[in-house]
Amino acid sequence: MSRWSVLGSGVSGLCIATLLAEQGEPVEIITLPDCRAASHWAGGMLAPWCEAESAPQQVVDWGQYAAAWWSARVSGVEQQGTLVIAPPRDSAELTRFANMTSSHQWVTPAEIEPALEDRFARGLFLQRLNLRWKTVLPVACSLPQKVILIPGWQCNNYKRVY
């Protein structure tokens with residue numbers, strides 16, 4: 001039986017590790033110490049219906065599939081919808097975005113996100129599925145038990161974390 005090493009603990013690395021573990025393969029995830037995955041900065045968010053603004057329908061379909069994939073495998077994923085905002089100077093761009101997408105409603109952003117009070121006059125809210133997790137750690141902790149951690153192991157500045 002093979003032993004798999006996945007470099008990186010971002011969304012892509014965790015997806016690969018999950019799929020391998022579901023097939024019964026032993027997996028280790030290796031990441032740089034003190035390095036946050038790109039998905040940390042993006043909030044680990046999937047909002048496939050927003051992609052319809054500029055992407056082919058297949059990208060929207062793949063995003064919907066990915067959202068369903070994560071929902072089936074990870075507990076603690078929030079599904080709250082998507083709020084699209086723009087500063088007043090970009091109001092025309094927000095209107096253009098609205099014309100390029102569907103299934104949204106115009107809202108006052110502060111009614112959904114109070115921290116936006118007095119900052120944005122209007123926004124678009126898509127109530128469809130939006131998946132978001134606050135950190136990658138809860139996602140990694142929900143991986144199948146075949147994913148292993150060897151504490152303190154390092155090689156060429158990489159460290160196994162799970």
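Taken together, the values in this text are just the output of simple stated rules run on the coordinates, not laboratory data. All of these numbers come straight from a predicted model, not from anything done at the bench. Because the Cβ atoms are built from the backbone with ideal geometry, glycine has one as well, and the counts that use them run over all protein chains shown.
Computed values, structure above
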quantity: Complete set of residues in region 108-128 that are more than 10 Å from Val84 (Cα to Cα) and surrounded by 13 or more Cβ atoms within 10 Å (Cβ to Cβ); calculated: Thr108, Ala110, Ile112, Glu113, Leu116, Phe120, Ala121, Gln127, Arg128
quantity: Pair list, Cβ < 6 Å and 6+ apart or interchain, from region 16-37 residues that are surrounded by 13 or more Cβ atoms within 10 Å (Cβ to Cβ) to residues that are of a type in the set (S, T, N, Q) and in a loop (DSSP other than H, G, I, E, B); calculated: Ile29/Ser9; Thr31/Ser9; Ala37/Ser9
